[in-house]
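The values are calculated or read from the model by the stated rules, or taken from the named source; none is laboratory data. Being a predicted model, the structure only gives us computed values, none of them experimental. Cβ placement follows ideal geometry from the backbone for every residue including glycine, while neighbour counts extend to all protein chains displayed.
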Amino acid sequence: MPSIWSPESDTHITAQYSQKTLDQKVRNKSALQKECGWPVEAKRAMVCLPLGMTEALGGQVFRSMLPGLFTQSMELLILGKGSKEYGTLFTELQKEHGHRIAILPASEASVHKILAASDIALFLANVESSPEVRACLSYGVIPVAPECDTLENYDPVQERGTGFLYAPAKNPEQTAWSAFAALARALETFKFPFDWKTIQRQCMESTK
């Protein structure tokens, strides 16, 4: 993935947008919801796994999070790359929960569409200096990720931050609890459009 992409000039997406025209971003979500055969619901959070999944990318943590994920009002986009084991898991999940889980081909066009449409990016392994995180920030996709120097944990009092961060534990199940709590915090904040757009703009500004 290139280190910097720009939604202002991206020709792969339905609607180009910038910090000043963030309201246009939702058109990309609507287009992808239609493509997936889902209801067009701007207020339903769209979460993505922009790296696919392997053991090294937090596969065990993801498995531990699954029961909690299905209790949340959200859609999940998965980039179809990673290990065969998780490809099989995702295919089974899509069959069972096709109304809110979609696997997109591991192509450049898919990555563009995922970033333009998504509200939240879920990272379950170290993302320090990750070009994928930088791309998410550029597109106003707010990371839920392990604590790192690259991102600033959102502070609702100061109304500042570029992600919802959590502290990893040695045990995958404990890490899953922390990651799920951070995701739940992000999903709750998403319900407040003004606050959410403030974070998105800070994310986009941080890559300039």
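Residues checked against (1) within 21 Å of Ser178 (Cα to Cα); (2) in a helix (DSSP H, G or I); (3) at pLDDT below 95; (4) not aliphatic (A, V, I, L, M):
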| site | (1), (2), (3), (4) |
| --- | --- |
| Glu55 | yes, no, yes, yes |
| Thr71 | yes, no, yes, yes |
| Leu79 | no, no, yes, no |
| Phe90 | no, yes, yes, yes |
| Ala116 | no, yes, no, no |
| Ser129 | no, no, yes, yes |
| Glu132 | no, yes, yes, yes |
| Gly140 | no, no, no, yes |
| Ala145 | yes, no, no, no |
* Asked: How many residues does segment 70-88 hold that are in contact with a strand residue (DSSP E or B) (Cβ under 8 Å, 6 or more places away or on another chain) and under 17 Å from Ala125 (Cβ atoms)?
  -> 5
* Here are some conditions: (1) closer than 20 Å to Lys43 by Cβ; (2) in contact (Cβ under 8 Å) with a residue 60 or more places away in the chain; (3) touching a helix residue (DSSP H, G or I) at 6+ places or on another chain (Cβ under 8 Å); (4) surrounded by 16 or more Cβ atoms within 10 Å (Cβ to Cβ). Ala186 meets all but one. Which one does it not meet? -> (3)
* Could you tell me whether segment 115-124 includes any residue that is free of Cβ contacts under 8 Å to residues at least 60 places away in the same chain and closer than 25 Å to Arg185 by Cα? => no
* To do: Give segment 128-142 a look and list any residue that's surrounded by 21 or more Cβ atoms within 10 Å (Cβ to Cβ), touching a residue at least 24 places away in the same chain (Cβ under 8 Å) and touching a Leu at 6+ places or on another chain (Cβ under 9 Å), or say none.
  => Ala135, Cys136, Leu137, Ser138, Tyr139, Gly140, Val141
* Asked: Identify, please: which residue in segment 147-176 is in contact (Cβ under 8 Å) with a residue 60 or more places away in the chain and surrounded by fewer than 22 Cβ atoms within 10 Å (Cβ to Cβ) and is, among those, farthest from Leu66 (Cα to Cα)?
  -> Pro172
* What is the number of the single condition among (1) over 13 Å from Tyr139 (Cβ atoms); (2) touching a Cys at 6+ places or on another chain (Cβ under 7 Å); (3) part of a helix (DSSP H, G or I); (4) among the aliphatic types (A, V, I, L, M) that Ala102 does not meet? -> (3)
* Asked: How many residues, within segment 113-150, are among the polar types (S, T, N, Q) and within 13 Å of the chain's Cα centre (by Cα)?
  -> 2
* Going by the structure shown, is Glu108 loosely packed, with under 14 Cβ neighbours inside 10 Å, closer than 25 Å to Cys203 by Cα, at pLDDT 95 or above and not β-branched (Val, Ile, Thr)? -> no
* Asked: Of the residues Ser64, Ser110, which is touching a Ser or Thr at 6+ places or on another chain (Cβ under 9 Å) and assigned to a helix (DSSP H, G or I)?
  -> Ser64
* Here are some residues: Leu51, Leu77, Leu32, Leu69. Which one is crowded, with 22+ Cβ neighbours inside 10 Å and over 13 Å from Asp119 (Cα atoms)? -> Leu51
* Asked: Could you say whether any residue in segment 26-45 is more than 21 Å from Thr175 (Cα to Cα), in a helix (DSSP H, G or I), among the charged types (D, E, K, R) and in contact with a helix residue (DSSP H, G or I) (Cβ under 7 Å, 6 or more places away or on another chain)?
  -> yes
* Asked: Quick one: is Lys84 of a type in the set (Lys, Arg) and surrounded by 14 or more Cβ atoms within 10 Å (Cβ to Cβ)?
  -> no
